[in-house]
Every structure is written in structure tokens, then in C-alpha cells.
1. Which ³J(HN,Hα) values in Hz, rounded to whole numbers, follow from the phi angles of the range A:112-124 under the Karplus curve 6.51 cos²θ - 1.76 cosθ + 1.60, where θ = phi - 60° and Gly and Pro get x?
2. Which net charge results when you count Lys and Arg as +1 and Asp and Glu as -1 among the other residues whose beta-carbon is under 10 Å from that of A:F293?
3. What distance in nm lies between label points placed 7 Å from Cα along the C-beta direction at A:L308 and A:E410?
4. When the label point is put 7 Å from the Cα of A:Q358 along its Cα-to-beta-carbon vector, which residues of the range A:417-433 have a backbone N closer than 15 Å?
5. May I ask you to derive the relative contact order of chain A, considering only C-alpha pairs under 8 Å and at least 6 residues apart, and to give it as an integer percent?
6. Straight-line reach from A:K173: which aspartates and glutamates have a Cα under 14 Å away, not including same-chain ones fewer than 8 places off?
7. Express as a percent, rounded to the nearest 5, the fraction of DSSP beta bridges in chain A (both residues included) that run antiparallel.
8. Measuring from a point 7 Å past the Cα of A:L117 along Cα-to-C-beta, which residues in the range A:134-170 have an amide N at less than 19 Å?
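Every number in this text was worked out from the coordinates using simple rules, so none of it is lab data. Fair warning: this is a prediction, and the values are worked out from it, not measured in the lab. Every residue, glycine among them, receives a Cβ derived from its backbone with ideal geometry; neighbour counts consider all protein chains shown.
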Amino acid sequence: MNKVRTRIAPSPTGDPHVGTAYIALFNRCFAHQHGGEFVLRIEDTDQQRSTDKSEQDILSSLKWLGLSWDEGPGCEGDAGPYRQSERSEIYSNHIQQLLDNGSAFRCFCTSERLDELRKQQMQDKAQPGYDGHCLKLSQQQCESKYAAAQSHVIRMKIPDSGECEFTDMLRGKVSIAWSQVDMQVLIKSDGMPTYHFANVVDDHLMEISHVIRGEEWINSTPKHILLYQYFGWQAPEFCHMPLLRNPDKSKLSKRKNPTSIGYYEAMGYLPEALLNYLGMMGWTMPSGEEKFFLSEMEANFDISRVSLGGPIFDIEKLDWLNGKYIREELTDAEFTKRFAAWAFAPEKVAQIVPLLKQRVERFSDVASLGSFFIDGSLEISETSFAHKAIDSSQAAKILQFTLWKLEALEELGRDAVEEELQALAAKFELKIKDFLFPLFVALSGKAVSTSVIESIVILGIDITRARIRQAILVLGGISKKQAKALEKEFRNF
RNA sequence: GUCCCCUUCGUCUAGUGGCCUAGGACACCGGGUUUUCAUCCCGGCAACAGGGGUUCGAAACCCCUAGGGGACGCCA
């Protein structure tokens, strides 16, 4: 029996997501329970969206949670490099094999043609997918286009009949007809591999024995299995975990819930409590005990105890559990130390002090002026937003537009934030002073406070988002219909 | 629209054919402890989606229906 090796393969294209931590947790537990290894690989093949900052944030969030990896960036093993952008040569060698043995082909279709095709298929209520146009190209045609350096992708061939049957560790046999599977692009026109290709090649080369991933991958598993066959490799075991959900049961998303691990850190949750909470999403200790540490989960782990209904991420229960950890696990001395490290992190204090210093007359003024920097949620009501020039719906709109602008920013820098806010105020045809008013209330709970721009930067996007959301809710919320209209207006702003 | 997956209290779940008048936890409601509040303790509320089978026996196995979710990108 080969060694058990599992992996988590995050894509550094955004905030570190609790779903990533969730899947990482189960992979780590499974590997360690079997005396195996847990690998971390960065899937940064999307050159447009991948950023170094996101990668750093993801790595540090996983570390914060205690989800360290046995092999990966910063912990090199024999199977590196662990960043897909550094493995280009490997992919080009491997795609050549598929081209040579006829299981992949070059496709010169333009994206315009493909869009048109998809539109037509949708209209005909057919399964959308590539129609095999370039498969009909003669070898000569293909070569001349290639020689002319015409932009193209490489796709995999798919059997035209029958079905793919595979065994999921939790669900048993799953079968999907090949007619449902698209001729997946393997290499993009920029030369980078797609997820599907890089993932299979890397999992094989890194000797991953069990692929434990989210349920959203079930439908593409046939493509992956077929790729293993094309290469003549043995496929790993597959296990699809249920997806974490919003309270409305849709897939957990930041539009509806705080999903960033950074948010939970900024809100003062204990990493061990958050991790414990994730461990009880779809899983229970054989003993039924609800409070357990990572080491206990690993020692008692049994993948067959995973239940398949998608669990709703319920902050109330997390709050209870976190409180339990604080009460039962922290001595007064530890509490002091950890609270101080959280609230008075030197880099944070260094940013806050200059703002407070110029406004206080006594140290005793500091707490009331600066408390919003460490508060969780603020006590505000609709009357907090009463203003001579701005009514509730206008305030909600200002808040929503500001949030969208801030979210689009790659980095929340002081100057960038100021620029965005100034521009928005001008578009609203409001004096900056009036425009900023709802933001002051939403972020600090008061109409008068330290610079809102600096405050946004210090609070960070996660807390800023949560407060703006809460404020909009307090102001009566935005209905789905309104949101649609606002989004349209925002785009044309 | 097509395909795939899923379905036990409001929520997280236990349950692998008899131990189930379905257990625990969160939330909620009551009571006790506490100078208040919280903690803590005690109690209460509350679910097998529906319909057919299989079986001596079904929450568990099979089928159908319904509901929910996901996938259908040169994103992962």
C-alpha cells in the first residue's frame, strides 16, 4: 500500500476563505490519521487574478489556524516546486505527450465563435460545450495555423459515448455520461495550464493518493480520470466533501457572509475555536464530544463519519464555542497575553496612536475615542444616520457604492482609498464632508471621529465590509430588486 | 434547460434494520445560583420531506415524487 498523501491547493485570487481552511483541515486529518503527509500547493495559473499578497494572506491564515503543512512553500520536499507558476516546463512536457498520443488537440477557435456557439446551444436548450470544430482540421491545416503562430488552446478529447463511473469515498458509485463532459481546455492561449490539467499532472507527480476536495468538483472528476488514463497513470481515490453554506443554503459566499479567515481573526476569535468549529461541520467525534483540538481530531479521525448534507455556517454556535474556549482554556495570564497581542498589535497601535494623540486631552479620553478600532459590532440605529442633507436611502447607497469601490481595490492603501472616496463624492455631487458622514457613523458608530480614510485602512477590508453591511441593514437594508438597480447604476457611474 | 449530488428539531448533528414513545449541542423559553448581567446548574419547546415497496420489524435498504444545492468558462 502506497503512502497516504493529501493536499490542499488554494488559488491565490482573493481573501483566504474559510472553505479553504475547511478542506485543508479534513485533508490534514486524513493524512495524519494514516501516518501520511499533507501537502500545500499554490494553484496560481490564472495570471490575471493571482497575486502575491493573496498567496501570503492564505499561507499566514492557514498558519494562524495551526493548519501547517508537511510539504509545500517554505517547507520544500522532493516534489517541488509547489507553486504552479514555477512548473511551466513540467506542463509543456506533459502536454506534448498527450498531443503525441492523440488524446489532445490544438483548437484555434476564437472566443467570439465560442460565445456565439454557447449562446446558440443555450437557445436550443442543448448542453453547452465545444462542438469539435478544430478536431475536423486536417493535419496540414493545423500545422499551417500553428506555423503562422495563430493564437490557440489545447483541448482534451472526450469519448463520444458511454459514461464514466468512479467511486467516491463517501458517496459510492457515481456515473456521469461522457456526453455531459466538455472537451476541456488544457492549455490556455497564454501557454498556462488550466486547473484541470495542472491539477492532475501535479497530483500524480506529487504522489497524492487521496484527493479530498469540495463537492463542486464532482462533475469534472471524469475529465480528471480520463487524463490519468491518457497518461497511463493510476488515479487517486476521490472524496467530495459537502459545501459550507450561507443561512439561505446557497454555497458560502462573501456577499452574504463573512468568509475571510482574516475577518474571524480581526473579530477576536481564537484560532483553535474556529478550527474546532470547522471540524464539526459535517463531522463528529466518535465520542460525541463537541469541543476538540486539532490533535484530538487527527487522532480520532474517520472520514466515513462525514455527513453529506451541506452544513450552514452558523456564527451563533461559533460564538458559543469561542466563549467556551476563552472560559475553559485560557488562564488569566494567557488571556491577558493573547488579548494584548490581538488588541495592541504593535503595527496596529502605531497606526492608531497618531490619530488619537491629536484629539485627546487626557489618557482617559482614549478609550471612548478609539474603542471602535477593537469593537466587534457597533451600536447604531437608523437615527444615528440622521443628517440634514442625506436621507436613509441616500446613505445606504453611499455605503453600498463605497463598499463596492473598496472591494475592487487590490490593496487598501490610504491614498487609493482617499482617491476613490473623493471621486465617489464628486459623482454623488456632494460635499466630501456630507458624503463621508454615513461612513463615519457606519465605521466608528459616531458622527465625529478620527479620519474615516485612515480608519478604513486600519480596520481592514473585512471589518469595514462587516460594518458597512450592518449599517445598510440598520438603514432598512437593500432589497434584491434595489440591489440589481444599484449595481446597474454603479457600473455606469 | 441538461446532468450530478444531497434531504433527521430553526441550526450543527447522533443514528450503519429491533436498544428510537429518535439522543446530544447551539438558539429560544422557564426555574435555580449570582448585589445586576454573564457564567454555571436544572427543566421545557422542537425533526426522520411525501408516497410506494422490501421485511416479522424501517429514520436506516430499494423505487418514485418533491424540495434544496452544485456543475455546465482560455476561473479555480
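1. Rounded to whole hertz, the list is 5, 4, 5, 4, 4, 4, 5, 4, 4, 5, 4, 4, 7.
2. On the way: positive: A:K291; negative: A:E272, A:E296, A:E298, A:E329.
Summing Lys/Arg as +1 and Asp/Glu as -1 gives -3.
3. About 4.3 nm, to one decimal.
4. Taking a point 7 Å out along Cα→Cβ of A:Q358, no residue of the range A:417-433 has its backbone N under 15 Å.
5. Working: 622 pairs, mean separation 63.3, N = 493.
This gives 13 percent for chain A.
6. A:E163, A:E165, A:E237
7. Numbers: 16 of 29 bridges.
Once the DSSP bridges in chain A are tallied, antiparallel ones form about 55 percent.
8. What the label zone holds, given the 19 Å backbone N cut-off, is A:134-146, A:150-161.
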